[in-house]
1. Of the residues ASP410, ASP363, which single one is away from the ligand (no atom under 16 Å from the Cβ) and in contact (Cβ under 8 Å) with a residue 12 or more places away in the chain?
2. Please state which of the following conditions ASP254 fails to meet, knowing it meets all the rest: (1) over 18 Å from ARG54 (Cβ atoms); (2) touching a helix residue (DSSP H, G or I) at 6+ places or on another chain (Cβ under 9 Å); (3) at pLDDT 95 or above; (4) not hydroxyl-bearing (Ser, Thr, Tyr).
3. Of the residues that make up segment 422-441, is at least one away from the ligand (no atom under 16 Å from the Cβ) and assigned to a loop (DSSP other than H, G, I, E, B)?
4. Take the conditions more than 27 Å from ASP303 (Cβ to Cβ), out of contact with any Lys or Arg (no Cβ under 6 Å at 6 or more places or on another chain) and either within 16 Å of the ligand (Cβ to nearest atom) or free of Cβ contacts under 8 Å to residues at least 12 places away in the same chain (or both) and apply them to MET326. Does it pass?
5. Name the residue that is nearest to ALA365 (Cα to Cα), counting only residues in segment 499-544 that are touching a Lys or Arg at 6+ places or on another chain (Cβ under 7 Å) and open to solvent by 70 Å² or more (accessible area, probe 1.4 Å).
6. With respect to LEU354, is the statement that it is within 16 Å of the ligand (Cβ to nearest atom), in contact (Cβ under 8 Å) with a residue 24 or more places away in the chain and in a helix (DSSP H, G or I) true?
7. Taking the condition at pLDDT 95 or above and surrounded by 24 or more Cβ atoms within 10 Å (Cβ to Cβ), does GLY321 pass?
Amino acid sequence: MPPSLKVLSTRRQFLNRAGMLGLASTLPTGSLLFSSENSASAAAEARVALPVTRNRAPLAPSAFYFLPLGSVRARGWLDEQLRTQANGLSGHLDETWADVGPNSGWLGGKGESWERGPYFLDGLVPLAYLLDDAILKAKAQRFIDWTLDNHAASGMIGPASNDDWWPRIVMLKALAQYQEFTGDPRVIPAMQKYFQYQLSQLPSRPLHDWSKFRWQDELLSVIWLYNRTGSEQLLDLASLLHKQGYDWMAQYADFQFKERITAKLLKLQEGNGLKDLALATHGVNNGQAIKTGPVWSLVSRSDVDRAAAVKMISELNKYHGLPNGMFACDEHLAGLDPSQGSELCTVVEYMFSLEHALAIVGDPAFGDRLEQLAFNALPGTFTDDMWAHQYNQEPNQVECSLHQKPWTTDGPESNLYGLEPNFGCCTANFHQGWPKFVASLFMLSGAQDNDKQDGLVAAVYAPCEVNTSLRGTAVHVIEETGYPFNGTVRLTINPAAPLSFPLQLRIPAWAAGTAITVNGQLQPAPASGAFARIDRVWKAGDRVEIAFPMKPRISRWFQNSIAVERGPLVFSYGIDESWVKLRDRGMTADWQVFPASRWNYALNVDSDAPDRSIVVTETEVGEGPFARRHSPVQLSVKARQINEWRAEDGAANPLPPSPVTSDQPEETITLIPYAAAKLRITAFPQLKS
Ligand SMILES: [Zn+2]
């Protein structure tokens, strides 16, 4: 981190206080109704007793269901990450960025009246309630109250100056989360009325542009409401959204976008260009689209739809896949070169898609990829204090500067760390990443109502605590772990009374050789890439310990290059960084980052036995584990420089095809987790053995 950011923090503390005081004096009294500490804790207790809402007939059952929001809370490093986010831009964006400030159209002002207010809410609501933070709840409440109190007689919600369906799709997601956290009785009637209105309007004012390409995100909210009300009109609306929405399943059944998309291909220089082609190859749209097959399969009951997400991910990976788990989209599909970037909106939307695909389909591979994004691409694109972010990040990111980079359509500021590099969508939208990840850690298994086999699923791993109930018995689970930095996960299961239920544990595809013990007793060896299932009568204090094998592994990428992985983490060579402030931006700043060391290394690794040539050093997982200065795991590996591999215009040239040779001296270099290296090489040439 640049030392000057520390100086800013003092000023921030002052401004924070000023902002909070200003906020407190302008809050309408009614807005505290659902945000006082007492009502929040009462609501939390009531929620524990709430049953999970399953899919209502004729919808197909999901493999797993999300627990009511608030049932899963972060602990350990994950809780610290949420607090860092709240102390950073998420908790203060409205104080320093006019687009979600007091003049927002979603607060009745004349300012930004499109997607930015709803985007902010979609992450602020779960962040505020997971942290039980009264100030953040009050900030969210103002937008929620304005939206619910200014509901048009027609049923329309949102600023009257903008009737686009798209920003409402986002606000519906925020409202549904808010209702789950608070039980506010205004939400369900407002959503019902809005959907009735939309059903009457869509025949004459159909989905278009963003809403046409992102209809599946509205379908989630339609299904959420149908499961609570059973209103058949909602099924009619679901079918109409499907009919008017873009056919993502067809796009991926016969995938045509196998090359890097160019501005020329999109004819962006010619007026509006080929709008639908641009939207079909747009990174964020594709990230959102990954959930389309699973979510629509609940309505269609089609196995082909249900399986569609696997095909989509496989095609994206094959033609645009990057070693950080993302596909290249800067901001259109950008091919396989690791100097191409991925947009932050796409990271968080891809995560959200995977969370729903995992719940609906129950395929553990979605959990593997979700962890890869959450533990690498997500933290890698923020400064450690979450006061600045990039618009796009690259696996081989040798400079973050105003140089013109090789991106498809993004502008020159896109990989700066700042307030709103390139465009402010990510500034408004990134907040959902961590809070929604928390909600996905544990899920409920048991497809049907009254299924005696309902139980808990550890879907993805991070330190957390679960408070829920199974068949009327309260169940409390504590997960203690330094995962993903080490491979030990300890669960303590505390039912209020002895209770029989299955506990399913996701065993990642990379985790062959995982060992599970229950109260010290070794269990049968679990298969990797599957859910291990433990059926027993659980008693308070039962201990489950999972030991994942954490040997380094090699994966293969562009030009036969290699990346080093260990568990869900991807490792990078951290280039020495020189941070140069470009300009102040209110409470934060925009930064360029220049390389202060060589980076053009090829690795000397035996592909067949990478653990023989890579030395692992683990230390305790402490404060800020994604920060470079605290990296709890480091790898040492032999390397040589490749003189002809250079940068041009601030981007690493295409890698020389592996294997490569070098006459440079052998060195031992250190690899650190991807997220810790803000300038990095992640895909390396491999030296000839
Ligand atoms: Zn964005």
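The values are calculated or read from the model by the stated rules, or taken from the named source; none is laboratory data. The model shown is predicted, which means the values in this text are computed figures rather than measured ones. Glycine also receives a Cβ, built like all others from the backbone with ideal geometry; neighbour counts cover every protein chain displayed. Remember, those area values only see protein heavy atoms, side chains included, never the ligands or the DNA or RNA. Shrake-Rupley method; radii C 1.70, N 1.55, O 1.52, S 1.80 Å.
1. Values: ASP410 fails: away from the ligand (no atom under 16 Å from the Cβ).
Within the list ASP410, ASP363, the selection yields ASP363.
2. Tallying (1) over 18 Å from ARG54 (Cβ atoms); (2) touching a helix residue (DSSP H, G or I) at 6+ places or on another chain (Cβ under 9 Å); (3) at pLDDT 95 or above; (4) not hydroxyl-bearing (Ser, Thr, Tyr), ASP254 fails exactly one: (2).
3. Yes, segment 422-441 contains at least one residue that is away from the ligand (no atom under 16 Å from the Cβ) and assigned to a loop (DSSP other than H, G, I, E, B).
4. Values: more than 27 Å from ASP303 (Cβ to Cβ): yes; out of contact with any Lys or Arg (no Cβ under 6 Å at 6 or more places or on another chain): yes; either within 16 Å of the ligand (Cβ to nearest atom) or free of Cβ contacts under 8 Å to residues at least 12 places away in the same chain (or both): yes.
In short, yes.
5. Looking at residues that are touching a Lys or Arg at 6+ places or on another chain (Cβ under 7 Å) and open to solvent by 70 Å² or more (accessible area, probe 1.4 Å), I get ARG543.
6. On the way: within 16 Å of the ligand (Cβ to nearest atom): no; in contact (Cβ under 8 Å) with a residue 24 or more places away in the chain: yes; in a helix (DSSP H, G or I): yes.
Considered against the rule, which asks whether it is within 16 Å of the ligand (Cβ to nearest atom), in contact (Cβ under 8 Å) with a residue 24 or more places away in the chain and in a helix (DSSP H, G or I), LEU354 comes out as no.
7. Numbers: at pLDDT 95 or above: yes; surrounded by 24 or more Cβ atoms within 10 Å (Cβ to Cβ): no.
In short, no.
Here is a yes/no grid of residues against (1) of a type outside the set (D, E, K, R); (2) within 30 Å of SER689 (Cβ to Cβ):
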{"site": "ILE575", "(1), (2)": "yes, yes"}
{"site": "SER578", "(1), (2)": "yes, no"}
{"site": "LEU582", "(1), (2)": "yes, no"}
{"site": "PHE594", "(1), (2)": "yes, no"}
{"site": "VAL621", "(1), (2)": "yes, no"}
{"site": "ARG628", "(1), (2)": "no, no"}
